[in-house]
Amino acid sequence: MLPFYDVIVVGGGHAGCEAAAAAANLGSKTLLITMDMGKYAQMSCNPAIGGIAKGQIVREIDALGGYTGVITDRTSIQFRMLNLSKGPAMWSPRSQSDRMRFSEEWRNELELIDNLDLWQDAVIHLLLEDGKVNGVRTKIGVEFRAKTVVLTNGTFLNGLMHIGRAQMEGGRIGESASYFISDQLAEVGFETGRLKTGTPVRIDGRTIDFSKLTEQKGDEGYYKFSYLPHEKTSMKQRSCWITYTNEEVHKALEVGFDDSPMYNGTIKGAGPRYCPSIESKIVTFAEKLQHQLFLEPEGQSTIEYYLNGFSSSLPWDVQYKALQLISGLENARIFRPGYAIEYDYFDPTQLYHTLETKLISNLFFAGQINGTTGYEEAAAQGLMAGINAHQKAQGKDAFVLNRDEAYIGVLIDDLVTKGVDEPYRMFTSRAEYRILLRQDDADSRLTPKGFKLGLAKKERMDLLEEKTKLRDEVVEFVSNFSIKPNYINDLLAAKNTSPLKQGVKLKDVISRPQISIFDVIEPVTPFKNFLKKLPSDRREEILESAEILIKYSGYIEREKQMADKFKRLENINIEDKFDYESIHTISTEARQKLSKIKPQTIGQASRISGVSPADINVLLIMLGR
């Protein structure tokens, strides 16, 4: 071990792993301290990466040179591209991963990184002097000194788990909590609070009657997370399964409400609005007779299943009895019940956009310590904190992504500008410029930045330049090539779109919403021959990129103009101009928070947590803007 480091990262979860890897790969002497070296980037909740907006974040991490996308591709046991029926701004990749292999792959990668040391221990004290952090002290009494420190403590800060009236101290089931750091930071002036999250029961797959469930297979195709073509899964692919609760299940759960820590006042922290427990869903949506549940395999060979949608902190026997009233789970046995966990977090408005704290120089926060929820949000913050801790340690300029450059920029700006009063989760609706922040072009947006930093390797820039060149050649070909009706009308008829009466450019045919660029390859032999120049392992990616430009270039340009306009509207006064409760075209959450806070300007309104860009656009329209 070294007597002095450039960067110390505390915590080996998704944020900590990305932070340590980034700092070390950029050249800083880095130490990663975690309480259990067998659980790097542990998937504490569902065994999946990505989803709506979250998948875009993972592609951005990959484009910058991070690891989450690569690790996910290697350990994927099912991949799906969500929202393909919508426009490309909404396409969101999601992968089921082998939970055990995911952590193993992360450890393998960390052990290969030069400049990175690993230490198993708990940090209990920060070494502070003259408003700066100089290092850490561990539980066994070791002091490590450093120029910068990144805290990524997850749910471990004073973590307290609840199963009915039973309570256990810990950051995760079977693991101890982390103490003293919260108290120390509160003493120097940090505002701290409590949040709550939860996880559902894990089920023995041998006791599930799959004949009563609906199978949900993964997509067959070329989609994945990493832009590196050689990174792909070799693992056995597995299905998820769908079932539903029913009125009998709801009644069985309600029996335990008196013992529920959520409803008897035991739990003080706010839980995630958009990932509610099953008991919250029963109360909030009392009119619904059933709720959809997903059984997700925890790995390629394990019998363990995760019951997505059934998160609970009710007594274990109440959970178990209700579980056996669900179709397909009548004879189910469980490995462990669901539980809730409360933990400390720090108001993220106490941070700069670099994720450095305002109160203590050289101290950075990333992940759930900032009030977020989700592996992807944590990993993104870890990457950015690791980059900026390195930059600070080496006396270099800060690295910040803007809202029109990345979902990562939206995430961090929301946190440090609006703060949180509940666990923050990313959605596409939080981004004003989501047509500009698509999952397909994260490499175009961010790989040059990552390469300039020194994080993305030359291989990534070479791949991007090749992709861009070939994409533009495809667009040029279809823009110049004329197609006659007799060569294409059969296809147009089969796709229920009007036939051609005269020759047009092939681009005009592809621009039709009913036609995909892949549809015209076989009927148009010159185009098929032209495409032979595309590399086989990137052919679909390049063609899809070309098609998006062909179909959506007008929308993309319009959004760029809207972005410029939105920036000019920051100071429009809206004080006393709206009765928010009467505006039903904005979300319920927005109505509640706007009515409570009564912002004076559009700029202030836009920074309130829970008020989406779509809500702001409604207000602008009502103002005639």
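Tabulated data for the structure shown
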item: First in segment 232-244 and within 10 Å of Q300 (Cα to Cα), second anywhere and of a type in the set (V, I, T), Cβ under 7 Å, 6 or more apart; result: M235/T75; M235/I77; K236/I77; Q237/I77; R238/I77
item: Odd one out for Y375 among (1) without any contact (Cβ under 8 Å) to a residue 60 or more places away in the chain; (2) among the hydroxyl-bearing types (S, T, Y); (3) open to solvent by 10 Å² or more (accessible area, probe 1.4 Å); (4) under 27 Å from L31 (Cβ atoms); result: (1)
item: Selection count, segment 145-160, where residues are of a type outside the set (V, I, T), more than 24 Å from the chain's Cα centre (by Cα) and open to solvent by less than 10 Å² (accessible area, probe 1.4 Å); result: 1
item: Segment 284-308 - residue that is touching a helix residue (DSSP H, G or I) at 6+ places or on another chain (Cβ under 7 Å) and under 17 Å from H250 (Cα atoms) and, of those, least open to solvent (accessible area, probe 1.4 Å); result: H291
item: Conditions (1) among the hydrophobic types (A, V, I, L, M, F, W, C); (2) part of a helix (DSSP H, G or I); (3) open to solvent by 50 Å² or more (accessible area, probe 1.4 Å): number failed by L594; result: (3)
item: Cβ pairs under 6 Å, 6+ apart, first in segment 117-130 and of a type in the set (K, R), second assigned to a strand (DSSP E or B); result: none
item: Per-region count, segment 405-450, residues of a type outside the set (G, A, S), assigned to a helix (DSSP H, G or I), within 19 Å of D472 (Cα to Cα) and open to solvent by 10 Å² or more (accessible area, probe 1.4 Å); result: 2
item: Strands (runs of 3 or more DSSP E) wholly inside segment 119-232 containing at least 1 residues that are of a type in the set (S, T, N, Q) and under 24 Å from T68 (Cα atoms); result: 143-151, 192-204
item: Residue within segment 93-112 that is small (G, A, S), under 15 Å from the mean Cα position of the chain (by Cα) and more than 19 Å from I303 (Cα to Cα) present; result: no
item: Among the residues listed as L491, L455, L463, the single one being among the hydrophobic types (A, V, I, L, M, F, W, C), at pLDDT 95 or above and touching a Pro at 6+ places or on another chain (Cβ under 7 Å); result: L491
item: Test: residue in segment 166-180 that is of a type in the set (S, T, Y), under 19 Å from M35 (Cα atoms), buried (at least 16 other Cβ atoms within 10 Å of the Cβ) and modelled with pLDDT of 95 or more; result: no
item: Hits in segment 320-370 - residues which are of a type in the set (G, A, S), surrounded by fewer than 24 Cβ atoms within 10 Å (Cβ to Cβ) and on the phi > 0 side of the Ramachandran plot; result: G328
item: Within segment 480-516, considering residues that are touching a residue at least 40 places away in the same chain (Cβ under 8 Å) and under 17 Å from I548 (Cα atoms), the one least open to solvent (accessible area, probe 1.4 Å); result: I510
item: Within segment 201-235, tally of residues that are touching a Ser or Thr at 6+ places or on another chain (Cβ under 7 Å) and more than 25 Å from D73 (Cα to Cα); result: 2
item: Pairs with Cβ under 6 Å, 6+ apart, first in segment 453-464 and among the charged types (D, E, K, R), second surrounded by 19 or more Cβ atoms within 10 Å (Cβ to Cβ); result: R460/T447
item: Residue within segment 349-360 that is among the basic types (K, R), touching a Lys or Arg at 6+ places or on another chain (Cβ under 9 Å) and not in a strand (DSSP E or B) present; result: no
item: Candidate set from segment 273-300 (those that are within 27 Å of S103 (Cβ to Cβ) and assigned to a loop (DSSP other than H, G, I, E, B)); member that is modelled with the lowest pLDDT; result: Y274
item: Of the criteria (1) open to solvent by less than 80 Å² (accessible area, probe 1.4 Å); (2) in a helix (DSSP H, G or I); (3) closer than 30 Å to N388 by Cβ, which one E465 fails; result: (1)
item: Given (1) open to solvent by less than 50 Å² (accessible area, probe 1.4 Å); (2) at pLDDT 95 or above; (3) not aliphatic (A, V, I, L, M), index of the condition T214 fails; result: (1)
item: Scan of segment 239-272 for residues that are part of a loop (DSSP other than H, G, I, E, B), of a type outside the set (S, T, N, Q) and open to solvent by less than 40 Å² (accessible area, probe 1.4 Å), ordered by number; result: G256, P261, G265, I267, G269, G271, P272
item: Candidate set: segment 388-404, residues that are among the aliphatic types (A, V, I, L, M) and buried (at least 21 other Cβ atoms within 10 Å of the Cβ); chosen: the one farthest from P348 (Cα to Cα); result: A393
item: Condition met for L531 (open to solvent by less than 70 Å² (accessible area, probe 1.4 Å), assigned to a helix (DSSP H, G or I), over 23 Å from I435 (Cβ atoms) and at pLDDT 95 or above); result: yes
item: Among (1) surrounded by 24 or more Cβ atoms within 10 Å (Cβ to Cβ); (2) over 19 Å from V123 (Cβ atoms), the one test that S28 misses; result: (2)
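The values are calculated or read from the model by the stated rules, or taken from the named source; none is laboratory data. Quantities reported herein were computed from a predicted structural model and do not represent experimental measurements. Cβ: placed from backbone, ideal geometry, glycine included. Neighbour counts: every protein chain shown. The area values use the complete protein model at the heavy-atom level, side chains included, leaving out ligands, DNA and RNA. Shrake-Rupley method; radii C 1.70, N 1.55, O 1.52, S 1.80 Å.
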